[in-house]
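Asker: Submitted below is the structure of interest, expressed as structure tokens.
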Amino acid sequence: IVRKNNMRVICPHCFKVNNVPKKDSYKKANCGECKNSLLDTAPLELDSTNFDEVLVNSDIPVIVDFWAPWCGPCKMMGPNFEKSATKFSLKTLFVKVNTENEQNLGARFGIRSIPTLMIFKDGKEVHRVSGALDETKLSQLVSQFL
């Protein structure tokens, strides 16, 4: 039984679902399965095999960066996306989808230009923005959905 003061969080290492107590900040939080830290904030690379599972099992907002390796603005935004991820440990989950490799996911979500950021809450899209964002704008955007 999951209590109301817990939230489901995906482990960034083994992708297992963990129940974590909701707190304002965390000094330590480890995965029950692989024992690695849930506080690791590097964006997860998702594909069609794990995308839906991550969305439906995350009680925290999921920020998806649809990008491609050949895209100049995507390369410019990549470091900003990674830096912003470190500010929201266990508050949001930052993930990336390479639209070159995952054309079906790009098509499914109607991605017309990249980079496109989509924010999901409770498995549903709540916001979308296209174009590269700097670190400040990205953090401001994410903060609106916490």
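The values are calculated or read from the model by the stated rules, or taken from the named source; none is laboratory data. Predicted model, so just to flag it, every value in this text is computed and none were measured. Neighbour counts are summed over all protein chains in view; Cβ atoms, including those assigned to glycine, are modelled from backbone coordinates with ideal geometry. Only protein heavy atoms, including side chains, enter the accessible area calculation; ligands, DNA and RNA are left aside. Shrake-Rupley method; radii C 1.70, N 1.55, O 1.52, S 1.80 Å.
Asker: Please identify the GluC sites (Glu not before Pro) of the stretch 17-67 that satisfy two criteria: DSSP loop assignment and at most 15 other Cβ atoms within 10 Å. Which are they?
Answerer: For GluC sites (Glu not before Pro) across the stretch 17-67 that sit outside H, G, I, E and B with at most 15 neighbouring Cβ atoms in 10 Å, the list reads E33.
Asker: Going by a ≥ b ≥ c, the root eigenvalues of the Cα gyration tensor, does the stretch 46-106 fall in the rounded group (a/c under 1.5), the prolate group (a/b larger than b/c) or the oblate group?
Answerer: oblate
Asker: A further question on this structure: If you take the Cα atoms of the chain, find Rg, then find the Kirkwood Rh from the mean of 1/r over all pairs, what is Rg/Rh?
Answerer: 0.95
Asker: Working from Cα positions, state the angle (0 to 90°, nearest 10) between the long axis of helix 72-87 and the longest principal axis of the chain.
Answerer: 20 degrees
Asker: So which of K96/K121; K35/K124; K27/K75 end up more than 27 Å apart by C-alpha?
Answerer: K35/K124; K27/K75
Asker: Let me ask something additional. Determine, from the Cβ-Cβ distance of Y26 and L141 and an R0 of 25 Å, the FRET efficiency 1/(1 + (r/R0)^6), rounded to the nearest 0.05.
Answerer: Here the calculated transfer efficiency is 0.65.
Asker: Give me the percent relative contact order of the stretch 73-146, please, defined on Cα pairs under 8 angstrom at least 6 residues apart.
Answerer: For the stretch 73-146, the relative contact order is 39 percent.
Asker: Quick check for you: with a 1.4 Å probe and neighbouring chains kept, what is the accessible area per residue of the chain, in Å²?
Answerer: Accessible area per residue, the chain: 54 Å².
Asker: Okay, next question. Rounded to whole Å and sorted largest first, list the principal axis extents of the Cα atoms in the stretch 75-139.
Answerer: Over the stretch 75-139, Cα extents along the principal axes are 30, 29, 18 Å.
Asker: Quick one: Debye curve from the C-alpha atoms of the stretch 1-84, no solvent, what's log10 I(q)/I(0) at q = 0.17, 0.24 Å⁻¹?
Answerer: Here log10 of I(q) over I(0) equals -0.79, -1.30.
Asker: Relative contact order for the stretch 1-128 using alpha-carbon pairs under 8 Å, separation at least 6, rounded to a whole percent?
Answerer: 27 percent
Asker: Restricting the count to DSSP beta bridges whose residues both fall in the chain, what percent are antiparallel, rounded to a multiple of 5?
Answerer: 70 percent
Asker: In deg cm²/dmol, rounded to 500, what helix-only [θ] at 222 nm does the chain give when every DSSP H run of at least 4 residues adds -39500 (n - 2.57) and the total is split over its residues?
Answerer: That calculation yields -7000 deg cm²/dmol at 222 nm.
Asker: Name the residue, out of V54, V95, V129, whose mean-square fluctuation peaks in a Gaussian network model built on the chain with Cα pairs under 10 Å.
Answerer: Greatest mean-square fluctuation among the candidates belongs to V129.
Asker: Moving on. Ignoring ligands, DNA and RNA, what percent of the 1.4 Å accessible area of the chain is carbon and sulfur?
Answerer: 49 percent
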